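Engineer: Okay, here's the structure, questions in a sec.
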Amino acid sequence: FFFVDKMSGPMNYNSMRLSEVQTAPSSSMKWFVLLATTAGVCIGVLLSTSGQSVSLWAPTATATSSAVKVAPVQPRTTQTVVSSSSNLRYGASEDYSTVQSESVAHGLNARYNSVGEHVGWYAALLMAFVGTTLLTLRAWRRAEKHQRLAMAAVSGTKYSGPEFVTYRSPVRLQAAAAPNAMTTGTPVPTKTMLVVGATGTLGRQIVRQALDSGYDVRCLVRPRQNPADFLRDWGAKTVSGNLAQPKSLPAALVGVHTVVDVSTARPEESIREVDWEGKKALIQCSKAMGIQRYIFFSIVGCDKSPEVPLMNIKYCTEQYLQQLEMPYTVLRTCGFMQALIQQYAVPMLEGEEVYGTQDNTRIAYLNTEDAARMTLACLSNDNTIGKTLTLAGPKAYTVNEVIKLCETLGGMNAKVNNVPLGLLGGLRRVTALFQWSKEVSDRLAFSELLSNNTEFNAPMEDVYEILGLDASETQTLESYLNEYYKKMLGRLKEVKARSGQRGIYL
(Lines give C-alpha, C1' and ligand atoms only; values in the text may rest on other atoms or scores of the structure.)
Protein backbone atom coordinates (compact mmCIF):
# COMPACT_ATOMS: atom_id res chain seq x y z
CA PHE A 1 0.00 0.00 0.00
CA PHE A 2 3.00 2.28 0.53
CA PHE A 3 4.02 1.81 -3.10
CA VAL A 4 0.42 2.32 -4.22
CA ASP A 5 0.30 5.70 -2.50
CA LYS A 6 3.75 6.65 -3.79
CA MET A 7 3.11 5.65 -7.38
CA SER A 8 -0.44 6.93 -7.61
CA GLY A 9 0.42 10.17 -5.84
CA PRO A 10 1.51 11.97 -9.06
CA MET A 11 -1.99 11.38 -10.46
CA ASN A 12 -3.18 14.61 -8.88
CA TYR A 13 -6.52 15.61 -10.34
CA ASN A 14 -5.40 19.18 -10.96
CA SER A 15 -2.28 18.04 -12.83
CA MET A 16 -4.17 15.81 -15.29
CA ARG A 17 -5.61 16.69 -18.62
CA LEU A 18 -8.81 15.34 -20.15
CA SER A 19 -6.89 12.98 -22.42
CA GLU A 20 -4.99 11.59 -19.43
CA VAL A 21 -8.06 11.15 -17.26
CA GLN A 22 -9.52 8.41 -19.45
CA THR A 23 -6.31 6.35 -19.43
CA ALA A 24 -5.35 6.90 -15.80
CA PRO A 25 -6.76 3.60 -14.39
CA SER A 26 -5.06 1.33 -16.96
CA SER A 27 -1.72 3.10 -16.80
CA SER A 28 -1.59 2.94 -13.01
CA MET A 29 -2.82 -0.66 -12.65
CA LYS A 30 -0.08 -1.88 -14.96
CA TRP A 31 2.60 -0.98 -12.41
CA PHE A 32 0.65 -2.27 -9.42
CA VAL A 33 0.02 -5.69 -10.97
CA LEU A 34 3.68 -5.97 -11.95
CA LEU A 35 4.78 -5.01 -8.45
CA ALA A 36 2.44 -7.46 -6.71
CA THR A 37 3.32 -10.35 -9.02
CA THR A 38 7.05 -9.76 -8.55
CA ALA A 39 6.63 -9.61 -4.77
CA GLY A 40 4.63 -12.86 -4.81
CA VAL A 41 7.25 -14.73 -6.81
CA CYS A 42 10.03 -13.49 -4.51
CA ILE A 43 8.09 -14.66 -1.43
CA GLY A 44 7.50 -18.04 -3.10
CA VAL A 45 11.20 -18.50 -3.74
CA LEU A 46 12.06 -17.59 -0.15
CA LEU A 47 9.48 -19.98 1.32
CA SER A 48 10.39 -22.87 -0.97
CA THR A 49 14.11 -22.61 -0.17
CA SER A 50 13.51 -22.40 3.59
CA GLY A 51 13.15 -26.13 4.20
CA GLN A 52 13.90 -25.95 7.92
CA SER A 53 11.17 -23.42 8.57
CA VAL A 54 8.66 -25.26 6.41
CA SER A 55 9.42 -28.56 8.13
CA LEU A 56 8.15 -27.11 11.39
CA TRP A 57 4.67 -27.76 10.06
CA ALA A 58 5.34 -31.56 10.14
CA PRO A 59 4.94 -33.74 13.30
CA THR A 60 7.75 -33.99 15.85
CA ALA A 61 10.89 -35.37 14.20
CA THR A 62 14.29 -36.48 15.48
CA ALA A 63 17.36 -34.94 13.97
CA THR A 64 19.34 -38.19 14.27
CA SER A 65 16.68 -40.70 13.27
CA SER A 66 18.42 -41.30 9.95
CA ALA A 67 21.42 -42.66 11.83
CA VAL A 68 19.44 -45.33 13.69
CA LYS A 69 20.43 -48.92 12.88
CA VAL A 70 18.10 -51.75 13.91
CA ALA A 71 19.41 -55.29 14.53
CA PRO A 72 17.60 -58.30 13.07
CA VAL A 73 14.41 -59.28 14.87
CA GLN A 74 14.96 -61.75 17.68
CA PRO A 75 11.92 -63.15 19.39
CA ARG A 76 11.61 -62.84 23.20
CA THR A 77 14.62 -60.50 23.36
CA THR A 78 15.16 -56.78 23.31
CA GLN A 79 16.92 -54.94 20.48
CA THR A 80 19.90 -52.66 20.89
CA VAL A 81 19.89 -49.27 19.23
CA VAL A 82 23.34 -48.28 17.98
CA SER A 83 23.69 -44.53 17.49
CA SER A 84 26.08 -41.85 18.55
CA SER A 85 23.33 -39.59 19.81
CA SER A 86 20.30 -41.82 20.13
CA ASN A 87 21.16 -42.52 23.76
CA LEU A 88 20.12 -39.00 24.52
CA ARG A 89 16.53 -39.94 23.71
CA TYR A 90 16.06 -43.68 24.01
CA GLY A 91 18.65 -44.91 26.48
CA ALA A 92 20.87 -47.98 25.96
CA SER A 93 18.09 -50.28 24.73
CA GLU A 94 14.42 -50.08 23.84
CA ASP A 95 11.68 -52.45 22.97
CA TYR A 96 11.45 -53.29 19.29
CA SER A 97 7.99 -51.79 18.98
CA THR A 98 9.35 -48.49 20.16
CA VAL A 99 12.09 -48.50 17.55
CA GLN A 100 9.62 -49.51 14.88
CA SER A 101 7.34 -46.60 15.72
CA GLU A 102 10.28 -44.19 15.51
CA SER A 103 11.17 -45.53 12.06
CA VAL A 104 7.61 -45.03 10.88
CA ALA A 105 7.70 -41.49 12.24
CA HIS A 106 10.89 -40.85 10.25
CA GLY A 107 9.14 -41.94 7.04
CA LEU A 108 6.15 -39.76 7.78
CA ASN A 109 8.49 -36.83 8.51
CA ALA A 110 10.12 -37.13 5.09
CA ARG A 111 6.70 -37.17 3.43
CA TYR A 112 5.57 -34.14 5.43
CA ASN A 113 8.74 -32.26 4.46
CA SER A 114 7.95 -32.81 0.80
CA VAL A 115 4.36 -31.75 1.32
CA GLY A 116 5.59 -28.73 3.28
CA GLU A 117 7.58 -27.46 0.30
CA HIS A 118 4.51 -27.72 -1.93
CA VAL A 119 2.44 -25.97 0.71
CA GLY A 120 5.02 -23.18 0.69
CA TRP A 121 4.63 -22.74 -3.07
CA TYR A 122 0.84 -22.85 -2.82
CA ALA A 123 0.90 -20.28 -0.02
CA ALA A 124 3.20 -18.06 -2.04
CA LEU A 125 0.97 -18.23 -5.11
CA LEU A 126 -2.07 -17.54 -2.94
CA MET A 127 -0.32 -14.52 -1.40
CA ALA A 128 0.62 -13.26 -4.85
CA PHE A 129 -2.97 -13.64 -6.05
CA VAL A 130 -4.44 -11.96 -2.98
CA GLY A 131 -1.85 -9.19 -3.04
CA THR A 132 -2.38 -8.55 -6.75
CA THR A 133 -6.15 -8.45 -6.26
CA LEU A 134 -5.98 -6.05 -3.32
CA LEU A 135 -3.49 -3.74 -5.00
CA THR A 136 -5.44 -3.76 -8.24
CA LEU A 137 -8.72 -2.95 -6.50
CA ARG A 138 -7.07 -0.19 -4.49
CA ALA A 139 -5.40 1.24 -7.58
CA TRP A 140 -8.66 1.09 -9.52
CA ARG A 141 -10.60 2.85 -6.75
CA ARG A 142 -7.94 5.55 -6.43
CA ALA A 143 -7.83 5.99 -10.19
CA GLU A 144 -11.62 6.30 -10.35
CA LYS A 145 -11.51 8.90 -7.59
CA HIS A 146 -8.81 10.84 -9.42
CA GLN A 147 -10.84 10.50 -12.59
CA ARG A 148 -13.93 12.07 -11.03
CA LEU A 149 -11.92 14.92 -9.55
CA ALA A 150 -9.98 15.45 -12.76
CA MET A 151 -13.16 15.58 -14.81
CA ALA A 152 -14.48 18.23 -12.46
CA ALA A 153 -11.27 20.23 -12.74
CA VAL A 154 -11.10 20.06 -16.54
CA SER A 155 -14.78 20.80 -17.02
CA GLY A 156 -14.53 23.90 -14.85
CA THR A 157 -17.09 22.83 -12.22
CA LYS A 158 -16.65 23.74 -8.59
CA TYR A 159 -15.47 21.18 -6.06
CA SER A 160 -17.87 19.92 -3.41
CA GLY A 161 -18.46 16.96 -1.15
CA PRO A 162 -16.15 14.98 1.11
CA GLU A 163 -13.55 14.62 -1.65
CA PHE A 164 -13.06 18.39 -1.47
CA VAL A 165 -12.18 18.17 2.20
CA THR A 166 -9.83 15.24 1.57
CA TYR A 167 -7.75 16.98 -1.09
CA ARG A 168 -7.84 20.59 0.12
CA SER A 169 -6.04 22.18 3.01
CA PRO A 170 -7.94 24.04 5.80
CA VAL A 171 -6.89 27.37 4.27
CA ARG A 172 -8.93 26.58 1.17
CA LEU A 173 -12.04 25.76 3.21
CA GLN A 174 -11.96 29.22 4.82
CA ALA A 175 -11.31 31.07 1.58
CA ALA A 176 -14.95 31.67 0.73
CA ALA A 177 -15.73 33.49 3.96
CA ALA A 178 -12.46 35.36 4.32
CA PRO A 179 -13.08 38.32 1.95
CA ASN A 180 -16.36 39.27 3.66
CA ALA A 181 -14.65 39.25 7.04
CA MET A 182 -11.85 41.47 5.83
CA THR A 183 -14.03 44.19 4.32
CA THR A 184 -14.48 45.66 7.80
CA GLY A 185 -10.73 45.96 8.43
CA THR A 186 -8.28 48.70 7.57
CA PRO A 187 -7.91 49.20 3.80
CA VAL A 188 -4.59 48.04 2.39
CA PRO A 189 -2.65 50.59 0.30
CA THR A 190 -2.91 49.80 -3.38
CA LYS A 191 0.85 50.10 -3.93
CA THR A 192 1.90 47.37 -1.50
CA MET A 193 3.35 44.43 -3.41
CA LEU A 194 4.75 41.00 -2.56
CA VAL A 195 7.13 39.56 -5.17
CA VAL A 196 7.65 35.80 -5.03
CA GLY A 197 10.84 34.85 -6.84
CA ALA A 198 12.45 38.27 -6.41
CA THR A 199 16.01 36.96 -6.66
CA GLY A 200 15.48 35.54 -10.14
CA THR A 201 16.36 37.15 -13.46
CA LEU A 202 12.88 38.55 -14.02
CA GLY A 203 11.93 39.02 -10.36
CA ARG A 204 14.74 41.45 -9.60
CA GLN A 205 13.79 43.59 -12.59
CA ILE A 206 10.20 43.76 -11.36
CA VAL A 207 11.40 44.74 -7.88
CA ARG A 208 13.65 47.48 -9.19
CA GLN A 209 11.10 49.04 -11.52
CA ALA A 210 8.34 48.76 -8.90
CA LEU A 211 10.51 50.66 -6.40
CA ASP A 212 11.20 53.32 -9.01
CA SER A 213 7.42 53.62 -9.56
CA GLY A 214 6.71 54.24 -5.89
CA TYR A 215 5.59 50.77 -4.78
CA ASP A 216 6.19 49.46 -1.28
CA VAL A 217 7.84 46.17 -2.30
CA ARG A 218 8.13 43.14 -0.08
CA CYS A 219 10.14 40.11 -1.28
CA LEU A 220 9.57 36.52 -0.19
CA VAL A 221 13.07 35.07 0.23
CA ARG A 222 13.82 31.57 1.41
CA PRO A 223 16.41 31.14 4.19
CA ARG A 224 19.80 30.49 2.63
CA GLN A 225 23.51 30.99 3.14
CA ASN A 226 23.85 33.96 0.78
CA PRO A 227 21.12 36.46 1.74
CA ALA A 228 19.59 38.75 -0.87
CA ASP A 229 21.26 41.90 0.42
CA PHE A 230 20.97 43.68 -2.92
CA LEU A 231 17.18 43.76 -2.58
CA ARG A 232 17.42 45.59 0.74
CA ASP A 233 20.06 47.92 -0.71
CA TRP A 234 17.54 48.93 -3.37
CA GLY A 235 14.93 49.73 -0.70
CA ALA A 236 12.81 46.56 -0.70
CA LYS A 237 11.80 44.61 2.40
CA THR A 238 12.56 40.90 2.67
CA VAL A 239 10.49 38.34 4.55
CA SER A 240 11.54 34.76 5.18
CA GLY A 241 9.37 32.15 3.52
CA ASN A 242 9.38 29.09 1.30
CA LEU A 243 6.79 27.73 -1.10
CA ALA A 244 7.72 24.23 0.03
CA GLN A 245 6.65 25.22 3.57
CA PRO A 246 3.06 26.56 3.36
CA LYS A 247 3.03 27.57 7.04
CA SER A 248 5.49 30.36 6.26
CA LEU A 249 3.24 32.03 3.67
CA PRO A 250 0.36 33.71 5.61
CA ALA A 251 2.64 36.02 7.60
CA ALA A 252 4.24 37.31 4.40
CA LEU A 253 0.82 38.29 2.97
CA VAL A 254 -0.28 40.53 5.86
CA GLY A 255 -0.87 44.09 4.61
CA VAL A 256 -0.27 43.20 0.94
CA HIS A 257 -2.50 44.38 -1.91
CA THR A 258 -0.81 42.71 -4.90
CA VAL A 259 1.06 39.43 -5.31
CA VAL A 260 3.43 38.96 -8.26
CA ASP A 261 4.31 35.28 -8.60
CA VAL A 262 7.35 34.88 -10.84
CA SER A 263 8.98 31.95 -9.03
CA THR A 264 9.74 28.45 -10.27
CA ALA A 265 11.55 25.38 -8.98
CA ARG A 266 15.32 25.33 -9.06
CA PRO A 267 17.13 22.41 -10.73
CA GLU A 268 17.72 20.71 -7.38
CA GLU A 269 14.07 21.12 -6.27
CA SER A 270 10.94 19.17 -7.07
CA ILE A 271 8.76 20.71 -9.77
CA ARG A 272 5.61 19.22 -8.28
CA GLU A 273 6.40 20.33 -4.74
CA VAL A 274 7.26 23.94 -5.63
CA ASP A 275 5.33 24.75 -8.81
CA TRP A 276 2.16 22.88 -7.90
CA GLU A 277 1.84 22.26 -4.16
CA GLY A 278 3.62 25.49 -3.22
CA LYS A 279 1.76 27.66 -5.74
CA LYS A 280 -1.53 26.10 -4.74
CA ALA A 281 -0.90 26.95 -1.08
CA LEU A 282 0.10 30.51 -2.04
CA ILE A 283 -3.10 30.99 -4.05
CA GLN A 284 -5.22 29.62 -1.22
CA CYS A 285 -3.59 31.95 1.30
CA SER A 286 -4.01 34.90 -1.05
CA LYS A 287 -7.70 34.10 -1.48
CA ALA A 288 -8.23 33.68 2.25
CA MET A 289 -6.46 36.95 3.10
CA GLY A 290 -8.25 39.02 0.48
CA ILE A 291 -5.43 39.84 -1.94
CA GLN A 292 -6.78 42.30 -4.53
CA ARG A 293 -4.46 41.52 -7.48
CA TYR A 294 -2.61 38.33 -8.37
CA ILE A 295 -0.10 38.26 -11.25
CA PHE A 296 0.92 34.76 -12.31
CA PHE A 297 3.68 34.04 -14.81
CA SER A 298 3.09 31.04 -17.03
CA ILE A 299 4.54 29.61 -20.27
CA VAL A 300 3.17 30.16 -23.75
CA GLY A 301 1.54 27.04 -25.19
CA CYS A 302 1.17 25.34 -21.80
CA ASP A 303 -2.39 24.35 -22.70
CA LYS A 304 -1.14 22.44 -25.76
CA SER A 305 1.62 20.41 -24.12
CA PRO A 306 0.18 18.17 -21.38
CA GLU A 307 3.06 15.71 -21.82
CA VAL A 308 5.50 18.23 -20.30
CA PRO A 309 4.95 18.22 -16.49
CA LEU A 310 5.97 21.85 -15.88
CA MET A 311 3.77 23.20 -18.67
CA ASN A 312 0.89 21.00 -17.57
CA ILE A 313 1.24 22.31 -14.01
CA LYS A 314 1.29 25.90 -15.27
CA TYR A 315 -1.93 25.36 -17.20
CA CYS A 316 -3.62 23.67 -14.23
CA THR A 317 -2.60 26.59 -12.02
CA GLU A 318 -4.24 28.97 -14.50
CA GLN A 319 -7.44 26.95 -14.26
CA TYR A 320 -7.19 26.92 -10.49
CA LEU A 321 -7.04 30.72 -10.39
CA GLN A 322 -10.13 30.90 -12.58
CA GLN A 323 -12.10 28.49 -10.42
CA LEU A 324 -11.30 30.38 -7.22
CA GLU A 325 -12.50 33.59 -8.89
CA MET A 326 -9.34 35.43 -7.97
CA PRO A 327 -8.67 38.93 -9.42
CA TYR A 328 -5.85 37.45 -11.44
CA THR A 329 -3.84 38.24 -14.56
CA VAL A 330 -1.86 35.50 -16.29
CA LEU A 331 1.25 36.53 -18.23
CA ARG A 332 2.59 33.82 -20.52
CA THR A 333 6.22 34.23 -21.47
CA CYS A 334 8.23 32.69 -24.31
CA GLY A 335 11.87 33.09 -23.27
CA PHE A 336 14.26 35.69 -21.92
CA MET A 337 17.37 37.12 -23.54
CA GLN A 338 19.38 36.97 -20.32
CA ALA A 339 19.44 33.17 -20.47
CA LEU A 340 21.32 33.28 -23.77
CA ILE A 341 24.32 34.99 -22.16
CA GLN A 342 25.16 32.02 -19.96
CA GLN A 343 24.23 29.46 -22.60
CA TYR A 344 26.06 30.87 -25.63
CA ALA A 345 27.80 34.25 -25.19
CA VAL A 346 30.06 33.45 -22.22
CA PRO A 347 31.13 29.95 -23.40
CA MET A 348 32.00 31.33 -26.83
CA LEU A 349 34.16 34.09 -25.27
CA GLU A 350 35.96 31.48 -23.19
CA GLY A 351 36.56 29.24 -26.20
CA GLU A 352 34.34 26.46 -24.92
CA GLU A 353 31.89 24.48 -26.98
CA VAL A 354 28.18 25.28 -26.97
CA TYR A 355 25.36 22.80 -27.34
CA GLY A 356 22.84 23.11 -30.13
CA THR A 357 20.14 21.11 -31.88
CA GLN A 358 19.07 20.60 -35.48
CA ASP A 359 15.41 21.33 -34.81
CA ASN A 360 13.45 24.31 -36.11
CA THR A 361 11.94 25.34 -32.79
CA ARG A 362 11.62 29.14 -32.65
CA ILE A 363 11.50 31.29 -29.52
CA ALA A 364 10.62 34.98 -29.37
CA TYR A 365 13.07 36.12 -26.68
CA LEU A 366 12.12 39.11 -24.53
CA ASN A 367 14.32 41.30 -22.39
CA THR A 368 13.41 40.97 -18.70
CA GLU A 369 13.44 44.77 -18.39
CA ASP A 370 10.66 44.96 -21.00
CA ALA A 371 8.79 42.13 -19.28
CA ALA A 372 8.94 44.01 -15.97
CA ARG A 373 7.69 47.18 -17.67
CA MET A 374 4.72 45.24 -19.09
CA THR A 375 4.01 43.76 -15.66
CA LEU A 376 3.72 47.18 -14.03
CA ALA A 377 1.52 48.30 -16.91
CA CYS A 378 -0.84 45.40 -16.09
CA LEU A 379 -1.06 46.48 -12.46
CA SER A 380 -2.08 50.00 -13.42
CA ASN A 381 -4.77 48.78 -15.84
CA ASP A 382 -7.91 47.15 -14.40
CA ASN A 383 -8.87 45.89 -17.86
CA THR A 384 -6.25 43.17 -17.52
CA ILE A 385 -8.04 41.51 -14.58
CA GLY A 386 -9.23 38.03 -15.49
CA LYS A 387 -7.25 37.93 -18.75
CA THR A 388 -4.37 35.86 -20.07
CA LEU A 389 -1.75 37.83 -22.00
CA THR A 390 1.26 36.54 -23.90
CA LEU A 391 4.54 38.46 -23.65
CA ALA A 392 6.76 37.81 -26.67
CA GLY A 393 9.77 39.47 -28.24
CA PRO A 394 9.80 41.22 -31.60
CA LYS A 395 11.17 38.17 -33.48
CA ALA A 396 11.52 34.42 -33.00
CA TYR A 397 14.86 32.61 -33.46
CA THR A 398 16.10 29.04 -33.70
CA VAL A 399 19.11 27.85 -31.71
CA ASN A 400 21.36 27.89 -34.77
CA GLU A 401 20.29 31.44 -35.62
CA VAL A 402 21.18 32.58 -32.09
CA ILE A 403 24.62 30.96 -32.35
CA LYS A 404 25.28 32.61 -35.72
CA LEU A 405 24.20 35.97 -34.31
CA CYS A 406 26.67 35.57 -31.43
CA GLU A 407 29.42 34.65 -33.88
CA THR A 408 28.73 37.73 -35.98
CA LEU A 409 28.58 40.19 -33.09
CA GLY A 410 31.45 38.64 -31.17
CA GLY A 411 33.74 38.17 -34.15
CA MET A 412 34.56 34.52 -33.42
CA ASN A 413 33.64 31.01 -34.50
CA ALA A 414 31.70 28.81 -32.11
CA LYS A 415 32.44 25.18 -31.35
CA VAL A 416 28.98 23.71 -31.72
CA ASN A 417 28.12 20.26 -30.41
CA ASN A 418 24.72 19.22 -31.78
CA VAL A 419 22.77 17.00 -29.40
CA PRO A 420 20.53 14.39 -31.09
CA LEU A 421 16.92 14.79 -30.01
CA GLY A 422 16.41 11.04 -30.14
CA LEU A 423 19.03 10.63 -27.41
CA LEU A 424 17.21 13.11 -25.17
CA GLY A 425 13.89 11.36 -25.75
CA GLY A 426 15.38 7.95 -24.98
CA LEU A 427 17.05 9.25 -21.84
CA ARG A 428 13.76 10.69 -20.70
CA ARG A 429 11.96 7.37 -21.14
CA VAL A 430 14.66 5.54 -19.19
CA THR A 431 14.67 7.99 -16.29
CA ALA A 432 10.86 7.89 -16.15
CA LEU A 433 11.00 4.21 -15.10
CA PHE A 434 12.47 5.01 -11.67
CA GLN A 435 11.00 7.05 -8.86
CA TRP A 436 14.36 8.57 -7.85
CA SER A 437 14.95 9.95 -11.36
CA LYS A 438 11.42 11.27 -11.94
CA GLU A 439 12.51 14.91 -11.63
CA VAL A 440 15.19 14.40 -14.29
CA SER A 441 12.59 12.89 -16.60
CA ASP A 442 10.24 15.82 -16.03
CA ARG A 443 12.91 18.31 -17.08
CA LEU A 444 13.90 16.24 -20.10
CA ALA A 445 10.28 16.36 -21.24
CA PHE A 446 11.02 19.62 -23.05
CA SER A 447 12.86 17.55 -25.66
CA GLU A 448 9.43 16.42 -26.89
CA LEU A 449 8.65 20.04 -27.78
CA LEU A 450 11.92 20.38 -29.69
CA SER A 451 11.12 17.34 -31.80
CA ASN A 452 7.76 18.89 -32.73
CA ASN A 453 9.40 22.13 -34.02
CA THR A 454 7.13 24.23 -31.82
CA GLU A 455 7.16 28.01 -32.17
CA PHE A 456 7.02 29.95 -28.90
CA ASN A 457 5.63 33.18 -30.24
CA ALA A 458 2.40 35.15 -30.37
CA PRO A 459 1.13 38.38 -31.94
CA MET A 460 1.60 41.35 -29.61
CA GLU A 461 -0.55 44.05 -31.25
CA ASP A 462 -3.53 43.56 -28.92
CA VAL A 463 -1.28 43.31 -25.86
CA TYR A 464 0.44 46.62 -26.60
CA GLU A 465 -2.96 48.21 -27.14
CA ILE A 466 -4.37 46.94 -23.84
CA LEU A 467 -1.28 47.94 -21.87
CA GLY A 468 -0.91 51.27 -23.62
CA LEU A 469 2.72 50.65 -24.58
CA ASP A 470 4.71 51.39 -27.71
CA ALA A 471 6.03 48.33 -29.56
CA SER A 472 9.08 50.23 -30.77
CA GLU A 473 10.33 50.53 -27.17
CA THR A 474 10.77 46.77 -26.88
CA GLN A 475 14.40 45.81 -27.37
CA THR A 476 15.37 43.34 -30.09
CA LEU A 477 17.74 40.42 -29.58
CA GLU A 478 20.30 41.90 -31.99
CA SER A 479 20.41 45.13 -29.99
CA TYR A 480 20.69 43.31 -26.67
CA LEU A 481 23.55 41.03 -27.75
CA ASN A 482 25.32 43.91 -29.48
CA GLU A 483 25.29 45.92 -26.23
CA TYR A 484 26.60 42.95 -24.30
CA TYR A 485 29.50 42.26 -26.65
CA LYS A 486 30.47 45.94 -26.79
CA LYS A 487 30.66 46.11 -23.00
CA MET A 488 32.40 42.77 -22.69
CA LEU A 489 34.99 43.23 -25.43
CA GLY A 490 35.64 46.78 -24.21
CA ARG A 491 36.45 45.52 -20.73
CA LEU A 492 38.68 42.80 -22.15
CA LYS A 493 40.68 45.49 -23.96
CA GLU A 494 40.97 47.53 -20.78
CA VAL A 495 42.59 44.66 -18.91
CA LYS A 496 44.56 43.68 -22.04
CA ALA A 497 42.95 40.28 -22.08
CA ARG A 498 41.89 38.35 -25.09
CA SER A 499 39.02 36.14 -26.06
CA GLY A 500 39.64 32.56 -25.08
CA GLN A 501 40.72 32.94 -21.46
CA ARG A 502 38.71 31.26 -18.71
CA GLY A 503 36.54 32.77 -16.03
CA ILE A 504 35.08 35.75 -17.92
CA TYR A 505 31.85 37.11 -16.41
CA LEU A 506 30.07 40.40 -16.62
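The values are calculated or read from the model by the stated rules, or taken from the named source; none is laboratory data. These numbers were taken from a predicted model, which means no experiment stands behind them. Reconstructed Cβ throughout: ideal geometry from the backbone, glycine too, with neighbour counts over all protein chains shown. Heavy atoms of the whole protein, side chains included, go into the accessibility calculation; ligands, DNA and RNA do not. Shrake-Rupley method; radii C 1.70, N 1.55, O 1.52, S 1.80 Å.
Engineer: In debye, nearest 20: dipole of the range 349-506 around its Cα centre with unit charges on the Cβ of K, R (+) and D, E (-)?
Structural biologist: 820
Engineer: Follow-up. Could you give the size of the charge dipole of the range 312-369 about its Cα centre, using +1 on the Cβ of each K and R and -1 on the Cβ of each D and E, expressed in debye and rounded to the nearest 20?
Structural biologist: Charge dipole, the range 312-369, about its Cα centre: 260 debye, nearest 20.
Engineer: Quick one: net charge of Thr431's neighbours, Cβ under 10 Å, K/R +1, D/E -1?
Structural biologist: Here the charged neighbours net out to +2.
Engineer: Where does each of Phe129, Phe456, Phe336 land when they are ordered by accessible area, with a 1.4 Å probe and the largest first?
Structural biologist: If we order Phe129, Phe456, Phe336 from most to least accessible, we get Phe129, Phe336, Phe456.
Engineer: In addition: Can you list the residues, at least 5 places off or on another chain, whose amide H is less than 5 Å from the amide H of Ser298, using H built in the peptide plane?
Structural biologist: Amide H neighbours of Ser298: Leu331, Arg332, Thr333.
Engineer: Of Lys237/Lys487; Lys191/Lys395; Lys415/Lys493; Lys387/Lys486, which pairs sit farther than 28 Å apart, going by alpha carbon to alpha carbon?
Structural biologist: The pairs that break the limit, which is 28 Å between Cα atoms, are Lys237/Lys487; Lys191/Lys395; Lys387/Lys486.
Engineer: Let me ask another. Please list Trp276, Trp436 from largest to smallest accessible area, probe radius 1.4 Å, with all protein chains kept in place.
Structural biologist: Ranked list, largest accessible area first: Trp436, Trp276.
Engineer: Continuing with this model, one more query. When the dipole is taken about the Cα centre of the range 329-432, and only Lys, Arg (+1) and Asp, Glu (-1) are charged at their Cβ, what size is it in debye, to the nearest 20?
Structural biologist: Using Cβ point charges on Lys, Arg, Asp and Glu, the range 329-432 gives about 400 debye.
Engineer: Determine the sum of side-chain charges near Thr238: Lys and Arg each +1, Asp and Glu each -1, restricted to other residues whose C-beta is under 10 angstrom from that of Thr238.
Structural biologist: Summing Lys and Arg as +1 and Asp and Glu as -1 gives +2.
Engineer: Step through the residues of the range 405-415 one at a time and calculate ³J(HN,Hα) from phi using the Karplus curve (6.51 cos²θ - 1.76 cosθ + 1.60, θ = phi - 60°), rounding each to whole Hz and writing x for Gly and Pro.
Structural biologist: Each residue's phi maps through the Karplus curve to give 5, 5, 5, 5, 6, x, x, 8, 9, 8, 8 Hz.
Engineer: Here's something else I'd like to know. Could you calculate the FRET efficiency of Gln358 with Thr388 from 1/(1 + (r/R0)^6), where r is the beta carbon distance between them and R0 is 51 Å, rounded to 0.05? Kindly include the intermediate steps, with their values, before the conclusion.
Structural biologist: Numbers: r = 33 Å, r/R0 = 0.64.
According to the calculation, E is roughly 0.95.
Engineer: Tell me the label-point distance for the pair Thr38, Asn418, using the 7 Å Cα-to-Cβ offset, in nm and rounded to one decimal.
Structural biologist: 3.8
Engineer: Heavy-atom accessible area per residue, the range 249-307, 1.4 Å probe: how many Å²?
Structural biologist: 30
Engineer: A further question on this structure: Rounded, prolate or oblate for the range 345-499? Axes are the square roots of the Cα gyration tensor eigenvalues, ordered a ≥ b ≥ c, and the cut-off for rounded is a/c under 1.5.
Structural biologist: oblate
Engineer: Can you tell me the FRET efficiency between Met127 and Leu469 if r is taken as the Cβ-Cβ distance and R0 is 41 Å, rounded to the nearest 0.05?
Structural biologist: Numbers: r = 68 Å, r/R0 = 1.66.
It comes to 0.05.
Engineer: Determine the sum of side-chain charges near Phe296: Lys and Arg each +1, Asp and Glu each -1, restricted to other residues whose C-beta is under 9 angstrom from that of Phe296.
Structural biologist: Taking every Cβ under 9 Å from that of Phe296, the sum is 0.
Engineer: Positive end of the dipole of the range 381-469, charges at C-beta (+1 Lys, Arg; -1 Asp, Glu), about the Cα centre: which of Thr431, Gly468, Thr408 has its Cα farthest in that direction?
Structural biologist: Going by the Cα projections, it comes out as Thr431.
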